[in-house]
1. Would you check if Glu135 is within 12 Å of the ligand (Cβ to nearest atom), in a loop (DSSP other than H, G, I, E, B) and under 25 Å from Thr81 (Cα atoms)?
2. Going through the stretch 74-102 one residue at a time, which ones are aliphatic (A, V, I, L, M) and assigned to a helix (DSSP H, G or I)?
3. In the stretch 20-46, what residues are open to solvent by 50 Å² or more (accessible area, probe 1.4 Å) and at pLDDT below 95?
4. Kindly provide the set of residues from the stretch 182-217 that are in contact (Cβ under 8 Å) with a residue 60 or more places away in the chain, open to solvent by 20 Å² or more (accessible area, probe 1.4 Å) and either within 14 Å of the ligand (Cβ to nearest atom) or out of contact with any Ser or Thr (no Cβ under 7 Å at 6 or more places or on another chain) (or both), ordered by number.
5. Please tell me if Glu141 is charged (D, E, K, R) and more than 15 Å from the ligand (Cβ to nearest atom).
6. Could you go through the stretch 134-148 and let me know if any residue there is open to solvent by less than 10 Å² (accessible area, probe 1.4 Å) and among the charged types (D, E, K, R).
7. From the list Ile102, Ile130, Ile126, which one is out of contact with any helix residue (DSSP H, G or I) (no Cβ under 9 Å at 6 or more places or on another chain) and surrounded by 19 or more Cβ atoms within 10 Å (Cβ to Cβ)?
8. Of all residues in the stretch 151-180 being part of a strand (DSSP E or B) and open to solvent by 20 Å² or more (accessible area, probe 1.4 Å), which is farthest from the ligand (Cβ to nearest atom)?
Amino acid sequence: MKPIIGITSCLKKNGRLNSVLNYDYISAVNNAGGIAIILPIITDDHLLNDYIKIVDGLVLSGGEDISTEYYGESPTKEMGTVCLDRDKYEMGMFKKALETGIPILGICRGMQLINVALGGTLYQDISSQIKNSVEHRSKEEEVEKPYHEIKVMEDSNLFKMLGAKELSVNSFHHQSLKNIGKDLRVTSYSKDGVIEGIESTEPGFLIGVQWHPEKLITDFPVFKGIFGAFIDACQNKKES
Ligand code: MN
């Protein structure tokens, strides 16, 4: 059987509760040979363990800002919306997945979550905290288009997946990584120095990207390399 890939979701409270996940994540995983399932936000630790047992890989999806309490700061006025239930649940999912050794792919907020969970910190707002930074939050209608360039470190696993030192990516974030967490390294920067990719320095598949490859793969197949490598790692882990 193909590997089962759990993708984290968010909880929208508009009078009623809805589990919400953009469909591009699901298409990207399924097209790469995985079976995508949506992981709902749950706060019961036992249930969290049960969910982790089901999946062969974990995708941490994009979304709200991570609460500053996880990296020991007070929120500035530029902080965006937070969802404390989601923070708690994704931190739990990530730590369990790491213990279990299943492959983990963090996208946008997901990459920030990996960093914070491993003791790293964030810039709460790029434009007010990083001098001479370019805009990293494109208009919503531009989110499927390349928006700024990045450099990819040639000695990284990310380079092996993309096969390019320089490429253009979409950008839909206002926060970015500051101090890097334990056993992580930077794999990619934009020209203004904003960190755009990380991976683990330890064995196993743990990577994060600040952009949204799931929204680019239709027009720019180079980004399929990320999902292909991730699903291969999930299949190998499942068979091991
Ligand atoms: Mn960016």
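The values are calculated or read from the model by the stated rules, or taken from the named source; none is laboratory data. Predicted model only: the values in this text are computed from it and were never measured. All Cβ positions, even for glycine, are placed from backbone atoms using ideal geometry, and neighbour counts span all protein chains on display. Just so you know, the surface numbers come from the protein's heavy atoms only, side chains and all, with ligands and any DNA or RNA stripped out. Shrake-Rupley method; radii C 1.70, N 1.55, O 1.52, S 1.80 Å.
1. Working: within 12 Å of the ligand (Cβ to nearest atom): yes; in a loop (DSSP other than H, G, I, E, B): yes; under 25 Å from Thr81 (Cα atoms): yes.
Answer is yes for this residue.
2. Step one: filter the stretch 74-102 for residues aliphatic (A, V, I, L, M), giving 79, 82, 84, 91, 93, 97-98, 102.
Across the stretch 74-102, the qualifying residues are Leu84, Met91, Met93, Ala97, Leu98.
3. Thr43, Asp44, Asp45, His46
4. Lys182, Asp192, Gly193, Gly204, Phe205, Lys215
5. Details: charged (D, E, K, R): yes; more than 15 Å from the ligand (Cβ to nearest atom): yes.
Answer is yes for this residue.
6. Filtering the stretch 134-148 for residues open to solvent by less than 10 Å² (accessible area, probe 1.4 Å) gives 136, 138.
Adding the requirement that they be among the charged types (D, E, K, R) leaves none.
No: the stretch 134-148 contains no residue that is open to solvent by less than 10 Å² (accessible area, probe 1.4 Å) and among the charged types (D, E, K, R).
7. On the way: Ile102 fails: out of contact with any helix residue (DSSP H, G or I) (no Cβ under 9 Å at 6 or more places or on another chain); Ile130 fails: surrounded by 19 or more Cβ atoms within 10 Å (Cβ to Cβ).
Step by step, each of Ile102, Ile130, Ile126 is checked, and only Ile126 is out of contact with any helix residue (DSSP H, G or I) (no Cβ under 9 Å at 6 or more places or on another chain) and surrounded by 19 or more Cβ atoms within 10 Å (Cβ to Cβ).
8. The first filter runs over the stretch 151-180 and keeps only residues part of a strand (DSSP E or B), leaving 151-152, 166-169, 172, 176-177.
Filter again for open to solvent by 20 Å² or more (accessible area, probe 1.4 Å), leaving 151, 166-168, 172.
Details: Lys151: 12, Glu166: 14, Leu167: 12, Ser168: 11, Phe172: 8 Å.
Selected residue: Glu166.
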